[in-house]
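Below is one structure; the comments refer to it alone.
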Amino acid sequence: MSTEQCIQEIWESHKRSDFFPKAWRGKLDLDEAYNVQLGLLDRKIAQGERQAGWKVGMMSKAMRELLGGKEPIFGYLLQSGRIQSGHAFSFSNLTSPMVEHEILITLAQDLVGPNATPEEARRAIGTIAPAFEIIEMRGESAVALF
């Protein structure tokens, strides 16, 4: 099946709140999975969403072991998913919630290309702040809420 067919099937499953369709588990290699993720992002942007940034996860061996990951992962953040400081969640509406402490780094300028030097990356940093991420366990996978 083509990447575009996979994107379409997963797009349809997301509409049904099935974010990890069983039919695709274990079927994509890492490059294919990231291409599908970027294809889904393109569709969301085409429908008016705005990308707010990127999220890197499972950086520590302990988190990978806890969540069953083999390597760090990355994903996109959408403007619509941002929760303002002071927001109150109803615990009863969450599915197996967990809280992670995070470091929020905002860039003052874009880094262009995959070959940015450490010095270019340091110069691009706008702010660094503490943050919390609330995640939910859905099935065998974690889903970030914000």
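With 10 angstrom as the radius, rank Phe91, Phe19 by how many other C-beta atoms surround their C-beta, starting from the fewest. The partial results should precede the final answer.
Values: Phe91 7, Phe19 12.
The most exposed by this proxy come first: Phe91, Phe19.
In whole Hz, with x marking every Gly and Pro, tabulate ³J(HN,Hα) for region 30-37 from phi via Karplus 6.51 cos²θ - 1.76 cosθ + 1.60, θ = phi - 60°.
Those phi angles translate into 4, 4, 5, 4, 5, 5, 5, 4 Hz.
For labels at Phe20 and Leu67 in the simple 7 Å Cα→Cβ model, what's the distance in nm?
Reported label-point gap for Phe20 and Leu67 is 1.0 nm.
Springs between alpha-carbon atoms under 10 Å, Gaussian network over the chain: tell me which of Leu41, Leu107, Leu67 tops the mean-square fluctuations.
Largest GNM mean-square fluctuation: Leu107.
Amide H of Lys55: which non-local residues (sequence gap of 5 or more, or other chain) have their own amide H closer than 5 Å, using H built in the peptide plane?
Distant-sequence amide H within range of Lys55: Gly75, Tyr76, Leu77.
Quickly estimate the mean residue ellipticity at 222 nm for the chain, helices only: each DSSP H run with n ≥ 4 gives -39500 (n - 2.57), and the total goes over all residues, rounded to 500. Don't jump to the answer; show the numbers that get you there.
Values: 4 runs with 44 residues, N = 146.
Result for the chain: -9000 deg cm²/dmol, rounded to the nearest 500.
Could you name the lysines whose alpha carbon sits less than 16 Å from that of Lys61, not counting residues in the same chain fewer than 8 places away?
Lys70
I need the phi-derived Karplus couplings for region 118-130: 6.51 cos²θ - 1.76 cosθ + 1.60, θ = phi - 60°, integer Hz, Gly and Pro marked x.
x, 5, 4, 5, 4, 5, 6, 5, x, 9, 10, 8, x
For region 31-78, which trypsin sites (Lys or Arg not before Pro) are both in a DSSP coil and crowded by at most 16 other Cβ atoms within 10 Å?
On the way: sites: Arg43, Lys44, Arg50, Lys55, Lys61, Arg64, Lys70; in loops: Arg50, Lys70.
Sites meeting the loop and neighbour criteria: Arg50, Lys70.
Rounded, prolate or oblate for the chain? Axes are the square roots of the Cα gyration tensor eigenvalues, ordered a ≥ b ≥ c, and the cut-off for rounded is a/c under 1.5.
On the way: a/c = 1.45, a/b = 1.15, b/c = 1.26.
Judged from the Cα gyration tensor, the chain comes out rounded (a/c under 1.5).
Find out how many positive minus negative residues lie around Arg50, taking Lys and Arg as positive, Asp and Glu as negative, among other residues whose Cβ is under 14 Å from that of Arg50. Can you show the working numbers first?
Numbers: positive: Arg43, Lys44, Arg82; negative: Asp42, Glu49.
Summing Lys and Arg as +1 and Asp and Glu as -1 gives +1.
Choose one of Pro97, Met58, Gln47: the residue whose Cα lies farthest towards the positive end of the charge dipole of the chain (beta-carbon charges +1 Lys, Arg; -1 Asp, Glu; about the Cα centre).
Pro97
Every number in this text was worked out from the coordinates using simple rules, so none of it is lab data. Nothing here was measured: the structure is a model prediction, and the numbers come from that model. Reconstructed Cβ throughout: ideal geometry from the backbone, glycine too, with neighbour counts over all protein chains shown.
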